Amino acid sequence: PLKTLIKMLAVASVFATSFNVFAEPIEIKFSHVVAENTPKGQMALKFKELVEQRLPGEYKVSVFPNSQLFGDNNELAALLLNDVQFVAPSLSKFERYTKRLQVFDLPFLFNDMDAVNRFQQGEAGQALLNSMSRKGIVGLGYLHNGMKQFSANAPLKQPSDAKGLKFRVMASDVLAAQFDAVGAIPVKKPFSEVFTLLQTRAIDGQENTWSNTYSQKFYEVQSHITESNHGVLDYMVVTSDAFWKSLPADKRKVIKEALDESIALGNKIAAEKDNEDKQLILDSKRSQLVTLTPAERQQWVDVMKPVWAKFEDQVGKDVIEAAVAANK
Ligand code: LMR
């Protein structure tokens with residue numbers, strides 16, 4: 001009977017290991033810096049739902065919004081240390097790992113989000129997903145947020161209106177150059193600090209999408225928003241090469257499909273929120289909308305577009321040309 005018992009235990013333990021019966025699910029951490037009611041916040045939650053539905057008991061996804069776990073200054077380093085497995089920084093925040101993605105920051109490059117999408121899904125855009133492979137970062141897909149608007153505690157109609165004002169920028173030399181071009185003072189700061197910097201008037205303005213301006217309440221501490229649509233704020237969902245390769249091929253496939261579907265939902269939400277959050281801001285009457293005439297907008301184009309030439313060598317002429325061509 002003892003022999004039988006030992007045999008039974010052995011069989012049970014083989015069964016348990018091969019079918020992962022007693023093992024805890026493997027935790028996948030997804031960290032981001034925005035609120036949950038945003039395209040990225042919703043995309044991450046959808047990803048959690050789909051992975052846990054399709055790989056029950058095997059994988060669980062923990063989502064950390066609002067820079068709770070990691071913020072702008074450390075999320076990519078944390079990814080490479082495997083302290084987090086998925087992050088989706090804005091395309092402006094990869095400068096330390098590749099200069100090619102700076103194409104997305106060039107002011108007045110894309111006419112609209114359709115052009116952005118065409119470029120991302122085209123050959124050049126898809127190649128950029130692999131631009132950090134030598135650094136151990138795998139680009140799994142692009143996620144939209146939207147076009148950026150300028151906000152400040154002053155109406156910005158002409159480029160000279162921005163002169164001498166301090167603007168928060170993401171950690172991107174292109175974005176800094178864009179504000180230098182109008183004689184403003186760019187200040188690189190993490191997203192989590194922007195509200196307080198604006199509220200205390202340590203800085204005068206910032207640039208962001210309607211969704212971020214709404215969900216972070218920037219409009220409550222900025223008197224004016226200029227509808228400039230001067231640039232794009234989108235994301236790349238990335239993981240580390242080490243983590244990605246450590247997954248069994250069949251699980252990786254399921255996880256990638258879940259991610260693609262979550263991104264599709266996030267993109268749909270991005271398009272909706274762009275209008276909705278703008279309207280919510282206008283309805284609040286906390287911040288006044290500044291609209292530019294075509295001639296006024298052209299003045300901003302004229303002073304900011306020379307920034308392209310400064311970064312042409314780093315970004316690659318071919319990449320810039322492909323992006324321009326996506327405007328059709
Ligand atoms: C910002 O820093 O303004 C944005 O990148 C935040 C975000 O992730 O949308």
Checking the condition of a type outside the set (A, V, I, L, M), touching a helix residue (DSSP H, G or I) at 6+ places or on another chain (Cβ under 9 Å), touching a residue at least 60 places away in the same chain (Cβ under 8 Å) and farther than 24 Å from Lys328 by Cβ, which residue from Pro107, Pro159 passes? Pro159
Looking only at region 62-82, decide whether some residue is in a helix (DSSP H, G or I) and open to solvent by 20 Å² or more (accessible area, probe 1.4 Å). yes
Looking at the structure I just gave you, is Ser262 under 14 Å from Tyr142 (Cβ atoms) and touching a helix residue (DSSP H, G or I) at 6+ places or on another chain (Cβ under 6 Å)? yes
Out of curiosity, is Ala184 within 25 Å of the chain's Cα centre (by Cα) and either away from the ligand (no atom under 16 Å from the Cβ) or surrounded by fewer than 16 Cβ atoms within 10 Å (Cβ to Cβ) (or both)? yes
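Residue-wise test of (1) over 24 Å from Ser215 (Cβ atoms); (2) over 13 Å from the mean Cα position of the chain (by Cα); (3) within 14 Å of the ligand (Cβ to nearest atom).
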| site | (1), (2), (3) |
| --- | --- |
| Leu45 | no, yes, no |
| Asn73 | no, yes, yes |
| Val87 | no, no, yes |
| Ser92 | no, no, yes |
| Thr98 | yes, yes, no |
| Gln102 | yes, yes, no |
So Asn229, is it in a helix (DSSP H, G or I) and either within 25 Å of Phe150 (Cβ to Cβ) or open to solvent by less than 50 Å² (accessible area, probe 1.4 Å) (or both): no
Counted residues, region 168-181 - those being open to solvent by less than 30 Å² (accessible area, probe 1.4 Å), more than 12 Å from the ligand (Cβ to nearest atom) and in contact (Cβ under 8 Å) with a residue 60 or more places away in the chain: 3
Evaluation of Tyr235 against (1) in contact with a Ser or Thr (Cβ under 8 Å, 6 or more places away or on another chain); (2) open to solvent by 10 Å² or more (accessible area, probe 1.4 Å); (3) within 15 Å of the ligand (Cβ to nearest atom); (4) among the hydroxyl-bearing types (Ser, Thr, Tyr) (one fails), failing number: (2)
Please verify whether Ala152 is among the hydrophobic types (A, V, I, L, M, F, W, C), surrounded by 24 or more Cβ atoms within 10 Å (Cβ to Cβ) and within 16 Å of the ligand (Cβ to nearest atom), treating the condition exactly as stated. yes
Please specify each residue of region 263-322 satisfying the condition of being free of Cβ contacts under 8 Å to residues at least 40 places away in the same chain, open to solvent by less than 80 Å² (accessible area, probe 1.4 Å) and more than 30 Å from Ala88 (Cα to Cα). Thr293, Ala295
For residues in region 187-210 being farther than 13 Å from Ser151 by Cα and touching a Gly at 6+ places or on another chain (Cβ under 8 Å), which is nearest to the ligand (Cβ to nearest atom)? Phe191
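The values are calculated or read from the model by the stated rules, or taken from the named source; none is laboratory data. Just so it is clear, the structure is predicted and the values come from calculations on it, not from any experiment. For neighbour counting, all protein chains shown are included, and Cβ atoms are generated from backbone atoms with ideal geometry for every residue, glycine included. Note: accessible area is taken over every heavy atom of the protein model, side chains too, but ligands, DNA and RNA are not part of it. Shrake-Rupley method; radii C 1.70, N 1.55, O 1.52, S 1.80 Å.
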